[in-house]
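Trainee: Attaching a single structure in structure tokens format; questions to follow.
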Amino acid sequence: MSVLVYTESDNGSFKKIAHEAVSYAKGIADMMGTSVTAVSINGGDASELGTYGAAKVLEVKNTDLEKFNATGYADVIAEAAKAEGAQVVILTSSANSKFMAPLVAINLEAGYVPNVTDLPVSASPFTVKHTVYTNKAFSMTNINTDVKVIGLAKNAYGVKENATSAAAESFSPSISASGVEVVSVDQATDKVTIADAEVVVSAGRGMKGPENWGLIEDLADTLGAATACSKPVSDMGWRPHGEHVGQTGKPVASNLYIAIGISGAIQHLAGINSSKVKVVINNDPEAPFFKAAEYGIVGDAFEVVPQLTEKLKAFKAQNA
């Protein structure tokens, strides 16, 4: 009766969200008096997951699953849950996991709750807290099915070491044929991705043109952050569409989100509302973003950002 957790990986390396998901699964397992079984699909070293509490790792090595396939991945997770007799299945709230979670839930006849922010409030009835209305409110939801599927919100629980000796087992489930073919995957290299970043530096039309983006990249490099942009910026071709964050782009749940030259349209704010600390730099004191941010600087980005970057570089040098 273990807790099952799917551990996302990329090119054979587990993502940070996989470590957080295992940490969370361990917290639930301790509440239920059971252990954690992780599912790794073409992932890394099983002992790495043991660091965060996985007692067993079901390793799936399948060349047909080298690229994400929602149907195939859902089949693997559902079959693993049945084989382990898992009562709780933990997924993340990444785009891929949200895509396949309903398929997992249907296969297991399970209730599914996404964007869960903490350990269950109660085990009986099984009650979880999760965000609703584009992260503007919280809801307490009971999951009454025998099997429960939980989508953990990014950066909600944190990564917690809980060293366990993880036993690796080969797992070869049957996989349904998929009508979807992945032709190619375009991936940024040598950069922090928005999905994994704890700090995101984002900019809008206030930067006046793509030729000025060096200021944003320099600040992001100094902070070890991902770069992002508002929808108008990506629509005008200043930045790739993969950097567009907001309700109609990629959602962001970083620990720190810095918005530079972004007024704060409601769609943008809805997509970044889960970020813990929001900082805005804008020369318009009436910009809506100031009402949503924890900290704000009224000033010209072309003056403020270089000074901020310089101070941060000096601080890092002193504390190296």
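Trainee: Add +1 for every Lys or Arg and -1 for every Asp or Glu among the other residues with Cβ under 14 Å from the Cβ of Phe171, and state the total. Walk me through the intermediate numbers first.
Mentor: Values: positive: Lys56, Lys61, Lys82; negative: Glu59, Asp75, Glu79, Glu84, Glu169.
Every neighbour counted, the sum reads -2.
Trainee: For the chain, what is the charge dipole size about the Cα centre, in debye to the nearest 20, if Lys and Arg each add +1 at the Cβ and Asp and Glu each add -1 at the Cβ? List each step's numbers first, then the result.
Mentor: Working: 25 positive and 34 negative charges, 153 e Å.
Computed charge dipole of the chain: roughly 740 debye.
Trainee: Does a label point 7 Å from the Cα of Ile106, set along Cα-to-beta-carbon, have any residues of segment 144-176 with amide nitrogen under 19 Å, and which are they?
Mentor: Residues 145-151, 174-176 qualify, since their backbone N sits under 19 Å from the label point.
Trainee: Moving on to the next point. Per-residue accessible area for Lys98 at 1.4 Å probe radius, Å² rounded to 10?
Mentor: About 80 Å², rounded to the nearest 10.
Trainee: On C-alpha positions alone, give me the angle between the axis of helix 16-32 and the longest principal axis of the chain, in degrees, nearest 10.
Mentor: Compared with the principal axis, the helix lies near 50 degrees.
Trainee: Per 10 Å bin, what percent of the C-alpha pairs of the chain does each bin hold, from zero upward?
Mentor: 6, 25, 30, 23, 13, 3
Trainee: Quick one: net charge around Met32, please, counting Lys, Arg +1 and Asp, Glu -1 for every other residue with C-beta under 15 Å from its C-beta. Let's see the in-between values first.
Mentor: Details: positive: Lys26, Lys148; negative: Asp30, Glu84, Asp146.
Result for the neighbourhood of Met32: -1.
Trainee: Something else: Going from most exposed to least, what order do Phe68, Phe289 have by accessible area with a 1.4 Å probe? Working shown, then result.
Mentor: Numbers: Phe68 50, Phe289 0 Å².
Accessible-area ranking of Phe68, Phe289, largest first: Phe68, Phe289.
Trainee: Cross-link partners among aspartates and glutamates for Lys82, C-alpha distance below 14 Å, same-chain residues fewer than 8 apart left out?
Mentor: Once the sequence-local aspartates and glutamates are set aside, what remains near Lys82 is Glu109, Asp146.
Trainee: Using θ = phi - 60° and the Karplus relation 6.51 cos²θ - 1.76 cosθ + 1.60, list the HN-Hα couplings for segment 48-64 in order, rounded to whole Hz, with x at every Gly or Pro.
Mentor: With the stated coefficients, segment 48-64 comes to 4, 6, x, 4, 10, x, 6, 8, 9, 10, 8, 9, 10, 10, 8, 5, 6 Hz.
Trainee: Which value, in Å² rounded to 10, gives the accessible area of Met1 with a 1.4 Å probe and all protein chains present?
Mentor: The value for Met1 is about 140 Å².
Trainee: Just to confirm the number: angle between the C-alpha axis of helix 214-223 and the first principal axis of the chain, 0 to 90 degrees, nearest 10?
Mentor: Tilt of helix 214-223: around 50 degrees.
Trainee: Something else: When only C-alpha pairs under 8 Å and at least 6 residues apart count, what is the relative contact order of segment 174-293, in percent?
Mentor: On the way: 213 pairs, mean separation 27.7, N = 120.
Computed value for segment 174-293: 23 percent relative contact order.
Trainee: If you don't mind, another one. With a 1.4 Å probe and every protein chain left in place, tell me how much accessible area Val304 has, in Å² to the nearest 10.
Mentor: Roll a 1.4 Å probe over it and Val304 shows about 30 Å².
Trainee: Sketch the reach of a paramagnetic label on Lys136 as a point 7 Å from Cα along Cα-to-Cβ, and name the residues of segment 266-307 whose backbone nitrogen lies under 17 Å away.
Mentor: 266-275, 288-293
Trainee: On to the next question. By the gyration tensor of its Cα atoms, with a ≥ b ≥ c the square roots of the eigenvalues, what is the shape of segment 1-85: rounded for a/c under 1.5, prolate for a/b over b/c, or oblate? Spell out each step's value before the answer.
Mentor: On the way: a/c = 2.13, a/b = 1.38, b/c = 1.55.
Taking the square roots of the gyration eigenvalues as a ≥ b ≥ c, segment 1-85 is oblate.
The values are calculated or read from the model by the stated rules, or taken from the named source; none is laboratory data. All values derive from a computational prediction rather than experimental measurement. Positions of Cβ are backbone-derived with ideal geometry, glycine not excepted, and every protein chain shown enters the neighbour counts. In case anyone asks, the SASA skips ligands and DNA or RNA and just uses the protein heavy atoms, side chains included. Shrake-Rupley method; radii C 1.70, N 1.55, O 1.52, S 1.80 Å.
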